[in-house]
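K.L.:
Before I ask anything, here is the structure I am working with.
Computed from the coordinates by the stated procedures, all read-outs in this text should not be read as laboratory data. No experiment lies behind these values; they were computed from the predicted model shown. All Cβ positions, even for glycine, are placed from backbone atoms using ideal geometry, and neighbour counts span all protein chains on display.
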């Protein structure tokens, strides 16, 4: 399976701290995406990083990709209570198909 | 834009009954995906449509599941007969154009089969 595995499964931090989540995958990819899911809601796309990119930023989000290690990390800086959600990585398994990981549940304490 | 619309948001039914979930993708999007999310299995792709044509249904768990997309603005996922193990949240997602990677998810339908 090409399913991404997020690590840790759950993370609890204080507001203002940084949160780092990791994703590992098994086969070569063209790109990797990160999504956020608030409780009871659908997934929302956060950022996409292509296989020829090593780092990408979007606001307080920083994503890195290491294709040699088949891993990616998502860093959320200066976390807020509103960042409390589950975060998923998704790796492409073809021209249209993405395999979603198991997710990291982030809780930001006010 | 209203985003992807799914109905119903919650469905409770008894084992053996037919269940139909509905999805309206974002206007202009030509790809549509149905996913199932459970605690045990995470988010699983069930079926993918491109330009209303089913391209990959390898994720459909068994013959009790069927999906249709009669036009660009409507899709259904049907389970007949339903079983308790079908209880999950079912998501529909659409994508703007072929080659674009971002998927836009609906709010999901929480299905409970008693």
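K.L.:
Ranked highest first by the average count of other Cβ atoms within 10 Å around their residues, in what order do B:61-70, A:82-91 fall?
P.N.:
In decreasing order of mean packing, B:61-70, A:82-91 become A:82-91, B:61-70.
K.L.:
For residue B:97 and residue B:85, compute 0.36 nm times the residue count separating them, minus their Cα-Cα distance, and round to one decimal in nm.
P.N.:
On the way: separation 12, 0.36 × 12 = 4.32 nm, distance 3.40 nm.
Extra length available between residue B:97 and residue B:85 comes to 0.9 nm.
K.L.:
Can you give me the orientation-averaged projected area of the convex hull built on the Cα atoms of chain B, in nm²? Before the final figure, lay out each step's value.
P.N.:
On the way: hull surface 26.2 nm².
So the mean shadow area of the Cα hull is 6.6 nm².
K.L.:
So if R0 is 22 Å, what FRET efficiency would residue B:68 and residue B:18 give, r being the distance between their Cβ atoms, rounded to the nearest 0.05?
P.N.:
Values: r = 14 Å, r/R0 = 0.63.
According to the calculation, E is roughly 0.95.
K.L.:
Of the DSSP beta bridges with both residues in chain B, give the percent that are antiparallel, rounding to the nearest 5.
P.N.:
The antiparallel proportion sits near 90 percent.
K.L.:
What does the average come to when, for each residue of peptide A:86-93, you count the partner chain Cβ atoms lying within 10 Å of its Cβ? Could the numbers behind the result be given before it?
P.N.:
Working: counts 0, 0, 2, 0, 3, 0, 1, 1.
Partner-chain Cβ atoms within 10 Å, mean over residues of A:86-93: 1.
K.L.:
Please report, in cubic angstrom per residue, the volume enclosed by the convex hull of the alpha-carbon atoms of the range A:37-110. Could you put the intermediate results ahead of the total?
P.N.:
Details: hull volume 8.0 nm³, N = 74.
Considering the Cα atoms of the range A:37-110, their hull volume per residue is 107 Å³.
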